[in-house]
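**Student:** Provided herewith is a single structure, encoded as structure tokens, for subsequent inquiry.
Derivation of every value follows stated rules applied to the coordinates shown; laboratory data play no part. No experiment lies behind these values; they were computed from the predicted model shown. Because the Cβ atoms are built from the backbone with ideal geometry, glycine has one as well, and the counts that use them run over all protein chains shown.
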């Protein structure tokens, strides 16, 4: 099969091996046209190849990002299962009267176990959400379990009591902190 753009010079076209100026000009014209076609095709192929290469690089980056996110949040289910145990530790530590009655060595051991557990969770992206009394209520990090009437308008929509701490995994809220919300009521 011959290419339709192929230029062939047959001996019979050459008048006894001598090429006239007219034939030379025609051959050069055909060669220039063919060169332009080839250059255009080469440009199209190069552009297509470069686009495909860029698409491949972008797809690889997207895949790496997705895999990184998957790995980052793959432990979420097990961490959610551990949160109630952390809440129990916080509840025990928060009941000061009963906690102080327990033997000091035992308390220190329990606190050490808690710190080991929480340290392991922190290494895996867990952060504790510990609202401060008087801080503005944030619907992203706090969940209001009740409201408490206050007489000072400056306290309106602030945290008045922390009922339960919250948790975030790599910045995503797993469990918002449960708080009591101050609500201003005019006397």
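**Student:** Remind me, relative contact order of the stretch 76-184 in percent, using alpha carbon pairs under 8 angstrom and six or more residues apart? Present the calculation step by step, with values, prior to reporting the outcome.
**Tutor:** Details: 159 pairs, mean separation 28.9, N = 109.
Result for the stretch 76-184 is 26 percent.
**Student:** Shifting gears a bit: Please find, in a Gaussian network model of the chain (springs between Cα atoms separated by less than 10 Å), the residue of 123, 29, 65 whose mean-square fluctuation is greatest.
**Tutor:** 29
**Student:** I would also like to ask the following. Points 7 angstrom from Cα along the Cβ direction at residue 67 and residue 118: gap in nanometres?
**Tutor:** The two pseudo-label positions are separated by 3.5 nm.
**Student:** Give me the distance between the Cα centres of the stretch 70-97 and the stretch 133-168, rounded to whole Å.
**Tutor:** 21 Å
**Student:** Report the relative contact order of the chain, percent, no decimals, based on alpha-carbon pairs under 8 angstrom and at least 6 residues apart.
**Tutor:** Working: 176 pairs, mean separation 29.7, N = 187.
In percent, rounded to a whole number, it is 16.
**Student:** Give the Kirkwood hydrodynamic radius (Å, one decimal) of the stretch 30-140, defined as one over the mean of 1/r across all pairs of different Cα atoms.
**Tutor:** Details: mean 1/r = 0.0495 Å⁻¹.
About 20.2 Å for the stretch 30-140.
**Student:** So for the chain: antiparallel DSSP bridges make up what percent, rounded to the nearest 5? It would help to have the intermediate numbers written out before the result.
**Tutor:** Details: 13 of 21 bridges.
The answer is about 60 percent antiparallel.
**Student:** Per the Cauchy relation, a quarter of the hull surface: what is the mean projected area of the convex hull of the alpha carbons in the chain, in nm²? Display every interim value, and only then the final one.
**Tutor:** Numbers: hull surface 99.5 nm².
Taking the Cα atoms of the chain, their convex hull projects to 24.9 nm² on average.
**Student:** Go from 0 up to the bin containing the longest alpha carbon distance in the stretch 136-178, width 10 Å each, and give me the % of pairs per bin.
**Tutor:** For the stretch 136-178, the binned pair fractions read 28, 48, 20, 4 percent.
**Student:** Among 150, 179, 145, which comes first, then next, by fewest other beta-carbon atoms within 10 Å? Provide the component values of the computation, followed by the final result.
**Tutor:** Details: 150 17, 179 27, 145 12.
Going from least to most buried by this count: 145, 150, 179.
**Student:** Run lengths n ≥ 4 of DSSP H only: what is the helix-derived mean residue ellipticity at 222 nm for the chain, with -39500 (n - 2.57) per run over all residues, to the nearest 500? Intermediate results must be reported in sequence, preceding the final value.
**Tutor:** On the way: 4 runs with 98 residues, N = 187.
Dividing the helical sum by the residues of the chain leaves -18500 deg cm²/dmol.
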